[in-house]
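The block underneath contains the structure these notes are about, expressed in structure tokens.
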Amino acid sequence: MKKRIFNLLSLPLTLIVAIGFTSCSGNSENSENGSNNQAIEQIVQAAAKNTDSIKNYDFNMNMDYKMSITNDQSINGNAMTNGVVFSDPLKMKIDMQINVNESSQNAQLYAEQNGNNINIHTNISGAWQETTVPVGNAESLNQYNMKENIALYLKNAKNFKEVGADTIDGKDAYKIEGIITGDSIEKVIEGSGMLDNINSLGLSDANLNNLYKNLGNLSMTVWVDKQNSYPVKYEMDMTALMSSVFANIQNLSSGNVDSGIKFDKYITTVTLSNFDQAKNFEIPEEAHDHQ
């Protein structure tokens, strides 16, 4: 029996927040474009610096995807996530609603650092579970640490270009685009924890080295608050990338993984707000008293 490729909900979230966008090669611009690019670069550098100093914030993440599988099976998915994050010490509150076709599921996650450990409480449809992990082994929380993710994007990106302006949550913002190249995609996927799932499929090291071939490039848009230089929103269309990743996995698995998986839509949007003004919260008693 062929294996299903990963968890269709957890894999996309892990991949989304791990990917940053970096420079793409190209010819030199004329002096006018060069001056404009330099100004945009300064805006990005300021946003990166300000992101480092953020102590707490709220975020909203919306992921929409549609995928087709062999035998004309279609999956329409949407995941809406609201979160509050305090950075040092780490403390998180995550509320998620996951919709897949006609089914819907709610989930909650609370995480709190105590010394060198992090206590993680999860509630899926009323069933609480608790785990404790060392601070350095809490990779599962990375997908919700939007501050760190956006800082990664901004610090590793070059050759930005301004494509317009918008109003985000009442704030005037620059709208800026960047590109992820194939080599950069490989680096961030390796750092995302995605390989932990891929290794469970029994792919050889040689096949893993070929996993990232022909993935193409990935564009991303980020909005930066004009007044305070905070990154307030980003969006990625990962439709082609996800189809290519799944196609490569199927080809490299010698038929052990379901074929025919194709993404018709895969768009992720994240907004951030209430920088250093997020409301503190307490972990509910039932999260501790479930045993």
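The values are calculated or read from the model by the stated rules, or taken from the named source; none is laboratory data. Remember, it's a predicted structure, so these values are computed and weren't measured experimentally. Because the Cβ atoms are built from the backbone with ideal geometry, glycine has one as well, and the counts that use them run over all protein chains shown.
Observations on the model:
- Search result, residues across segment 51-80 that are more than 18 Å from LYS175 (Cβ to Cβ), of a type in the set (S, T, N, Q) and not in a strand (DSSP E or B): SER53, THR70, ASN71
- Residue list for segment 164-200, filter: at pLDDT below 60 and acidic (Asp, Glu): GLU190, ASP196
- Sole residue being farther than 26 Å from MET80 by Cβ and either at pLDDT 90 or above or under 18 Å from the mean Cα position of the chain (by Cα) (or both), chosen from LYS279, LYS233, LYS226: LYS226
- Consider segment 81-91 and keep the residues that are surrounded by 15 or more Cβ atoms within 10 Å (Cβ to Cβ) and in a strand (DSSP E or B). The one that is nearest to the chain's Cα centre (by Cα) is THR81.
- The set of residues from segment 251-276 being surrounded by fewer than 20 Cβ atoms within 10 Å (Cβ to Cβ), modelled with pLDDT of 75 or more and farther than 17 Å from LYS91 by Cα comprises ASN251, LYS262, ASP264, LYS265, ILE267, THR269, THR271.
- Of the residues making up segment 99-113, those that are under 22 Å from PRO284 (Cα atoms) and touching a residue at least 24 places away in the same chain (Cβ under 8 Å) number 5.
- VAL44, sole failed condition from (1) surrounded by fewer than 15 Cβ atoms within 10 Å (Cβ to Cβ); (2) assigned to a helix (DSSP H, G or I): (1)
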